[in-house]
Structure formats: structure tokens, C-alpha cells
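A quick write-up on the structure given underneath.
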Amino acid sequence: TGTVHCIKLGREGQKLKRQPYPGELGERILENVSQEGWKMWLGHQTMLISTGFSHGSEGKAFLEQEMENFFFGGGSAPPPDYQPEE
């Protein structure tokens, strides 16, 4: 499989086995994100979904924009009223 310099972690890591998301964003993730970095996104995405922050007709577009921010922008923040479980 090989390694990739992970844009999220700032270091080398195991390369993803296949493109995790369709289109150009998925290609960029495959080329720039490690398996560990992708797992970080999956945890963050689960938090966004579980808080109801991503539901509604714009849910998919919202999650795609958050994925873009998480890896290639300034980051993806939790909702303002998010309280992590103890």
C-alpha cells in the first residue's frame, strides 16, 4: 500500500487503500491523507451527525464542506453547543 505525507498529521503514515469519497475531493484525500488522518475525520463526522448538525436537505453538502475544511482548510469545529460525553 505504501505511505503518504499526511496533511492532517504533518507526518508520514499508511496510505489509504482506496479513494474514500467520490470526485475531486476524494482524489485529494487519497493523495494527501493517511489512514490515521481519515480515522480522525470519521470520528469528527460521527460527532457532527450525532449532534444533528448535519441533518436536513443540505446535510451532504454540509459534511462535504466540513471534510474540505477538516483536511485542507482551517479545520472543522464542533457545533457551538456541543458537549462531549464524559
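With the condition kept exactly as written, say whether any residue in the range 16-38 is within 18 Å of residue 73 (Cβ to Cβ), open to solvent by 70 Å² or more (accessible area, probe 1.4 Å) and either hydrophobic (A, V, I, L, M, F, W, C) or not in a helix (DSSP H, G or I) (or both). Looking through the range 16-38, none of the residues is within 18 Å of residue 73 (Cβ to Cβ), open to solvent by 70 Å² or more (accessible area, probe 1.4 Å) and either hydrophobic (A, V, I, L, M, F, W, C) or not in a helix (DSSP H, G or I) (or both).
Using beta carbons and a limit of 9 Å, which pairs, at least six apart or on different chains, have the first residue in the range 47-68 and open to solvent by 50 Å² or more (accessible area, probe 1.4 Å) and the second one of a type in the set (Asp, Glu) and modelled with pLDDT of 70 or more? Once the first residue is open to solvent by 50 Å² or more (accessible area, probe 1.4 Å) and sits in the range 47-68, its partners that are of a type in the set (Asp, Glu) and modelled with pLDDT of 70 or more give 53/66. Residue 9 meets all of the listed conditions (1) of a type in the set (A, V, I, L, M, F, W, C); (2) modelled with pLDDT of 90 or more; (3) open to solvent by less than 70 Å² (accessible area, probe 1.4 Å); (4) not in a loop (DSSP other than H, G, I, E, B) but one, namely (4).
The values are calculated or read from the model by the stated rules, or taken from the named source; none is laboratory data. These figures come from a predicted structure and were not determined experimentally. FYI the Cβ positions are ideal-geometry reconstructions off the backbone, even for glycines, and counts take in every protein chain you see. Surface accessibility is based on the protein's heavy atoms, side chains included, excluding ligands, DNA and RNA. Shrake-Rupley method; radii C 1.70, N 1.55, O 1.52, S 1.80 Å.
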